[in-house]
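Remarks on the structure that follows.
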Amino acid sequence: MHRDKPPRIYLDDHVYFVTSKTFNNKKIFKDKSYAEIFFNCLKFLEKRGDGMILAVVLLFDHFHLMVRPEKKNISEMVHGLKSYSAQKINQEYRRGILASLHM
């Protein structure tokens, strides 16, 4: 842990408000298919039991969430969402690139 940072505090059965920007503020969610992937990832994590999604606002270059973690703490839950959705969006992007090369 960085010596200037206070330890993280995780509170059970509490609601967290999360805001996160996309890499380099790219407006990736302007693409409807990427926005759909993001929402599907949220549904998957909630169904898996990581936590309960109470509210979502998705804009072109960032998102806001209100979540109540259950199986995971808030850091693990947000990390899971960001890494899983990035993986799925990158797969979709690569599929689109490959499809355009075969045209």
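The values are calculated or read from the model by the stated rules, or taken from the named source; none is laboratory data. On a predicted model such as this, the values are computed, not experimentally measured, just so you know. We place every Cβ from the backbone using ideal geometry, glycine too, and count neighbours over all the protein chains shown.
What the table shows:
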| quantity | calculated |
| --- | --- |
| R94, sole failed condition from (1) charged (D, E, K, R); (2) surrounded by fewer than 16 Cβ atoms within 10 Å (Cβ to Cβ); (3) under 12 Å from the mean Cα position of the chain (by Cα) | (3) |
| Qualifying positions in the stretch 3-13 - exposed (fewer than 11 other Cβ atoms within 10 Å of the Cβ) and under 26 Å from K71 (Cα atoms) | K5, P6, P7, R8, I9, L11, D12, D13 |
| Search result, residues across the stretch 28-46 that are closer than 14 Å to Y93 by Cα and either of a type outside the set (A, V, I, L, M, F, W, C) or under 11 Å from the mean Cα position of the chain (by Cα) (or both) | K30, D31, K32, S33, Y34, A35, E36, I37, F38 |
| Residues of the stretch 71-85 satisfying the condition of being under 8 Å from the mean Cα position of the chain (by Cα) and without any contact (Cβ under 8 Å) to a residue 40 or more places away in the chain | H79, G80, S83 |
| Residue check for F17: farther than 17 Å from S83 by Cβ and either in contact with a Phe, Trp or Tyr (Cβ under 6 Å, 6 or more places away or on another chain) or of a type in the set (F, W, Y) (or both) | yes |
| Lone unmet requirement of (1) over 30 Å from R95 (Cα atoms); (2) touching a strand residue (DSSP E or B) at 6+ places or on another chain (Cβ under 7 Å) for P6 | (2) |
| Checklist (1) loosely packed, with under 11 Cβ neighbours inside 10 Å; (2) on the phi < 0 side of the Ramachandran plot applied to N25, failing item | (2) |
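Table: residues versus (1) within 26 Å of G96 (Cβ to Cβ); (2) modelled with pLDDT under 95; (3) surrounded by fewer than 17 Cβ atoms within 10 Å (Cβ to Cβ).
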| position | (1), (2), (3) |
| --- | --- |
| T19 | no, no, yes |
| F29 | yes, no, no |
| F38 | yes, no, no |
| C41 | yes, no, no |
| L54 | no, no, yes |
| L58 | yes, no, yes |
| V67 | no, no, no |
| E70 | no, yes, yes |
